[in-house]
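Just so you know, all these numbers are worked out from the coordinates, no wet-lab data involved. None of these values were measured; they are calculated from a predicted model. Here the Cβ positions follow ideal geometry from the backbone for every residue, glycine too, while neighbour counts run over all protein chains shown.
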Amino acid sequence: MGFIKEYTVQTKTEGAYNITKKISEAIAESGVDDGIALVFCPHTTASITITENTDEHVTQDMLLGLKKSLPDREEYTHAEGNSFAHIKSSVLGCSLVLPVAGGWPMLGPWQNIFFLEFDGPRERRFQVKVIEC
Ligand code: ZN
């Protein structure tokens with residue numbers, strides 16, 4: 001049981017897309033006051049994460065830091081040539097669980113939720129499932 005809503009994101013080659021408003025909207029639409037929200041992306045070269053939104057340089061630096069820390073390598077053998085993107089996706093993960101109270105996600109004052117693209121451009125999807133508990 002519970003409520004589920006799917007969204008799409010049109011991405012560029014690489015990027016961070018703020019999806020906080022969509023998640024708040026899904027929670028409101030679910031009618032659940034207290035429970036949990038699961039945010040999930042069904043992809044292997046993208047991630048869902050929480051970070052600061054006040055300064056957009058934070059997400060730019062995050063993408064740069066990931067690129068420097070987990071660069072493409074000629075030793076990789078995956079024929080598609082996007083192992084760097086698969087690795088980033090696995091390291092950051094493709095889901096988040098958020099507590100919901102009073103019909104809102106219980107985020108800290110600096111926290112926003114981002115969809116991260118590592119191998120675009122593509123039309124991506126993510127789902128928000130909200131469960132009362
Ligand atoms: Zn691949």
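General observations
- Rel. contact order, % - alpha carbon contacts under 8 angstrom, at least six apart, the chain: 55 percent
- Between residue 60 and residue 6, the contour length at 0.36 nm per residue exceeds the Cα-Cα span by 16.8 nm.
- Applying both filters, DSSP loop and at most 12 other Cβ atoms within 10 Å, to the GluC sites (Glu not before Pro) of segment 1-80 gives 56, 74, 75, 80.
- Taking the C-alpha atoms only, the angle from helix 20-30 to the longest principal axis of the chain is near 40 degrees.
- Estimated at 0.36 nm per residue, the fully extended path between residue 78 and residue 25 surpasses their Cα-Cα distance by 15.2 nm.
- Length, then width, then depth: along the principal axes, the Cα atoms of segment 59-133 run 50, 24, 20 Å.
- Cross-link reach list, lysines versus residue 5, counting only Cα pairs under 19 Å and skipping chain neighbours closer than eight places: 21, 22, 129
- Computed about the Cα centre, the dipole magnitude for the chain is approximately 140 debye when only Lys and Arg (+1) and Asp and Glu (-1) carry charge, each at its Cβ.
- Calculated [θ] (222 nm, deg cm²/dmol) that DSSP helices of n ≥ 4 give over the chain, each run adding -39,500 (n - 2.57): -8000 deg cm²/dmol
- ³J(HN,Hα), Karplus 6.51/-1.76/1.60, whole Hz, each residue of segment 98-105, x for Gly, Pro: 10, x, 10, 9, x, x, 10, x
- Once the Cα-Cα distance is subtracted from the 0.36 nm per residue extended length, the residue 68 to residue 92 segment shows a gain of 7.1 nm.
- Per-selection metrics, the chain (Cα): Rg and Dmax in Å: 15.6, 50
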